[in-house]
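Structure record follows, encoded as structure tokens.
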Amino acid sequence: QVQVQESGGGLVQAGGSLSVSCAISGGTFSSFAMGWFRQTPGKEHEFVGSINWIGTTAYADSVRGRFTISRDNAKNAVFLQMNSLKPEDTAVYYCAVRYSKYSSREDNDYALWGQGTQVTVSS
């Protein structure tokens, strides 16, 4: 059974940096694509970025150039590094597993989700 555990996040001032990590256990991580989404109260999941099985990344326009996604297949982990944070980046951030080598921008394409971690950026 595949399990997902997130860690990181927190509170930072605008312009600062935070990172979120996602550890996956119980599956063949190297063959999974991973996605990062965020959600604010009353809104649907917003695509942040994704990484496919060979490390090719894709980003939302709102975060491109500020956020970086990486993966370490030896550690069964994926990382979201967030720089130059803005107050509008405040959200609960989720990592998600897609049982495919290829990533997607659609939340419905992801089968398993982490518990979410809060990221708050103060102005």
When (1) open to solvent by 70 Å² or more (accessible area, probe 1.4 Å); (2) assigned to a strand (DSSP E or B) are applied to R105, the one that fails is (2)
Yes/no for Q81 being within 11 Å of the chain's Cα centre (by Cα), polar (S, T, N, Q) and open to solvent by 50 Å² or more (accessible area, probe 1.4 Å)
yes
Does V92 count as surrounded by 17 or more Cβ atoms within 10 Å (Cβ to Cβ), at pLDDT 95 or above and in contact with a Cys (Cβ under 9 Å, 6 or more places away or on another chain)?
no
Does any residue in the range 87-110 that is in contact (Cβ under 8 Å) with a residue 24 or more places away in the chain and within 17 Å of A23 (Cα to Cα) come within less than 6 Å, Cβ to Cβ, of a residue that is part of a helix (DSSP H, G or I) and open to solvent by 60 Å² or more (accessible area, probe 1.4 Å) six or more places away or on a different chain, and which pairs are these?
R98/D109
Give the range 73-123 a look and list any residue that's closer than 16 Å to S7 by Cβ and among the charged types (D, E, K, R), or say none.
K75
Reported set for the range 1-19 where residues are open to solvent by less than 30 Å² (accessible area, probe 1.4 Å) and assigned to a loop (DSSP other than H, G, I, E, B) is V2, G9, G16
Taking the range 48-67 and keeping only residues that are open to solvent by 10 Å² or more (accessible area, probe 1.4 Å) and under 19 Å from Q13 (Cα atoms), one is left with S62, G65, R66
Counting only residues in the range 20-75 that are modelled with pLDDT of 95 or more, of a type in the set (S, T, N, Q) and outside any strand (DSSP E or B), the one nearest to E106 (Cα to Cα) is identified as N52
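The values are calculated or read from the model by the stated rules, or taken from the named source; none is laboratory data. Only a predicted model underlies this, so the values are computations on that prediction, with no experimental measurement involved. For neighbour counting, all protein chains shown are included, and Cβ atoms are generated from backbone atoms with ideal geometry for every residue, glycine included. Side chains are part of the model used for accessible areas, which takes the heavy atoms of the whole protein and leaves out ligands, DNA and RNA. Shrake-Rupley method; radii C 1.70, N 1.55, O 1.52, S 1.80 Å.
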